[in-house]
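Each reported figure results from applying straightforward, stated rules to the coordinates on display, with no laboratory input. Being a predicted model, the structure only gives us computed values, none of them experimental. Please note: Cβ atoms are built from the backbone with ideal geometry, for glycine as well, and neighbour counts cover all protein chains shown.
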Amino acid sequence: MKTTNQFTKPITTVINSKNNLEIGGCDLVDLAKNYGTPLYVIDEKSLRTICQEYKNAFREYPKTNFMYASKALCTSALSKIISDEGFGFDVVSGGEIYTLKNAGINMKNVLFNGSNKTFEELEMAVQYDIGRISVDNFYELELLNDLTIKYSKNVNILLRITPGIECHTHEYIQTGHSDSKFGFDLTQIDDAVNFIKNNCKKLILKGLHAHIGSQIFETQVYYDEVKILINELTNIKNKYGISVDEINIGGGLGVKYTEDDNPPSIFEISNTIISSIKDCCKELNTDYPMIYLEPGRSIISTAGVTLYTVGSQKQVPNGRKYIAVDGGMADNPRPSMYQAKYHVEVANNVNRTNSEVVTVAGRYCESGDILVKDVDLPMLEKNDILCFFNTGAYNYSMSSNYNRTAKPAMVLANSGKTDIIIKRETFDDIIRNDVIPNRLR
Ligand SMILES: Cc1ncc(COP(=O)(O)O)c(C=O)c1O
């Protein structure tokens, strides 16, 4: 059975009687008209469905905790939905913690990651009694130890390790150690555990954490990762007599940006993870661990689309035809940052046949601001609406105000109704933090 991450479009996508694209029962042309473009649209049904698919896929293994990776897209309203679906949260910054706290999320269900958390962020996490902190390095162990003494609090931690598995989306290698800025190398685990045992009375080591990459299409990597985590966990138990029983497998499951992408289903991933746990625990004669999963992209990517309005067009003599839209690298930096590919369709009069190969260019002052190269589209006219699919993850969360443009609004679509969940920025928002010193007035 296919799961939501294996579709290029939100699961509610249809063509309506006006010949326009509709998502969540909402006509995308109406949304563009009512809210302006660029516009991020999130389909609530796709979001809730994928959360449920994760829960179904791991039903057989009740010791599973789902921690949505907020870095993919963190907003107050979406946090409410994701929490409502029974997920906790992986956060990597004070800003993400603040958003969740403000949305009323129980901080016990939050796990704090990151390779260089600041003292202030760690202090915030300790003050808020965050559920778990994944400690990345020795420096952080020391900072956190000082904070447990200052606040006289126990803090539950995991150690982030680099398991020596490197994923490059379609292939992976296993190495003795990874050249990664994240986490403890496998050879440093003993030193870290000794440091905790001997110096950190209030740091409670609960287990180990790893994350092997993003937009992963392989299942075997998860099998190998789990094996390494359980092996290391068992070593710690046996060697130090500490009752550690948690492994955090990270995120990474891929999504279908284009027809060329073939991510596994969530069921394939769960089968792999659960069989690795069973095999490994049998071999080592050890108990099944509590597991944490931190999916980000696979939760929110497919639920999101971005709408743009077509503006100018340019035919290069004997070259490409460029279609310019009213957004680009500031609302979606992924194509210019790492040549990410997207599926795009016209959202109005969709019965026009694709008749030319065009390149969709952003409006920003960078030649590299190209949203998608050489795609088949119908002959477009000014004010046509283009819909880019799979923009829920790492779009708004990576957006900027480049060229002093205001960030787009985001709406949540469900059963023919929409709610604004991020307001469109205004020019006042753009200058809000500007200060003109008196001597320049
Ligand atoms: C530690 C950690 N967990 C989870 C994730 C989420 O990954 P994805 O969005 O690919 O599921 C990331 C992404 O970089 C990460 O670094």
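Compared with the dominant principal axis of the Cα atoms in the chain, helix 138-151 is inclined by about 80°.
Seen against the Cα atoms of the chain and their longest principal axis, helix 220-240 is set at about 30 degrees. Compared with the dominant principal axis of the Cα atoms in the chain, helix 44-57 is inclined by about 30°. Across R404, R160, R334, mean-square fluctuation computed from a Gaussian network of the chain (C-alpha pairs under 10 Å connected) peaks at R404. Think of the chain as having a plus end and a minus end, set by charges on the Cβ of Lys, Arg, Asp and Glu; of V244, T12, S400, S400 sits farthest toward the positive end of this dipole. Partners of K63 within straight-line reach, counting aspartates and glutamates whose Cα lies under 15 Å from its Cα and excluding those fewer than 8 residues away in the same chain: D245, E246, D287, E294.
In terms of other Cβ atoms within 10 Å, C387, C167 run from fewest to most in the order C167, C387. Considering only Cα atoms, the convex hull volume of the range 44-300 works out to 117 Å³ per residue.
With both residues required to sit in the range 44-300, DSSP beta bridges show an antiparallel share near 10%.
Measuring r between the beta carbons of V316 and S415 and using R0 = 45 Å, the FRET efficiency lands at 0.50.
The packing ranking, built from the mean of other Cβ atoms within 10 Å per residue, places the peptides 310-316, 188-194, 140-146 in the order 140-146, 188-194, 310-316, highest first. Counting only DSSP beta bridges with both residues in the chain, what percent are antiparallel, rounded to the nearest 5? Percentage antiparallel, nearest 5: 45. Taking springs between alpha-carbon atoms closer than 10 angstrom, which of N156, N199, N414 fluctuates most in the Gaussian network model of the chain? Highest fluctuation of the listed residues: N199. Taking +1 at the Cβ of each Lys and Arg and -1 at the Cβ of each Asp and Glu, which of S76, P263, I300 sits farthest along the dipole of the range 44-300 towards its positive end, judged by Cα position relative to the Cα centre? Projecting each Cα onto the dipole axis, the largest value belongs to S76. Sorted fewest first by neighbouring Cβ atoms within 10 angstrom, D261, D129, D43, D384 come out as D129, D261, D384, D43.
Taking 8 Å as the Cα distance limit and 6 or more residues as the minimum spacing, I'd like the relative contact order of the range 295-441 as a percentage.
Numbers: 273 pairs, mean separation 40.0, N = 147.
For the range 295-441, the relative contact order is 27 percent.
The helix-based estimate of mean residue ellipticity at 222 nm for the chain, built from -39,500 (n - 2.57) per DSSP H run of four or more residues and divided by its residue count, is -8500 deg cm²/dmol to the nearest 500. Of the Cα atoms belonging to the range 224-290, the radius of gyration and Dmax stand at 14.8, 50 Å. Here the dipole of the range 44-300 is about 980 debye; that uses its Cα centre as origin and unit charges on the Cβ of Lys and Arg (positive) and Asp and Glu (negative). Given the options T418, T187, T64, which has the most mean-square fluctuation in a GNM of the chain, springs set between C-alpha atoms less than 10 angstrom apart? The residue with the greatest mean-square fluctuation here is T187. Report the normalised scattering of the chain as log10 I(q)/I(0) at q = 0.07, 0.11, 0.12, 0.13 Å⁻¹, calculated by the Debye formula with identical scatterers on the alpha carbons. Log-scaled intensity ratios, in q order: -0.38, -0.89, -1.02, -1.15. The range 286-441: D in µm²/s via Stokes-Einstein (Kirkwood Rh, Cα pairs, 4 °C, 1.567 mPa s)? Translational D for this selection: 73 µm²/s. Placing +1 on each Lys and Arg Cβ and -1 on each Asp and Glu Cβ, with no other charges, gives the chain a dipole about its Cα centre of roughly 920 debye. In a simple Cβ point-charge model (Lys, Arg +1; Asp, Glu -1; nothing else charged), the range 27-75 has a dipole of about 280 debye relative to its Cα centre.
If contacts are Cα pairs under 8 angstrom and at least 6 residues apart, what is the relative contact order of the chain in percent? Answer for the chain is 21 percent. Sorting S46, S152 by the number of Cβ atoms found within 10 Å of their own Cβ, with the fewest placed first, yields S152, S46. Mind jotting down the distance between the C-alpha centroids of the range 185-253 and the range 409-441, whole Å? When both Cα centres are located, 41 Å separates them.
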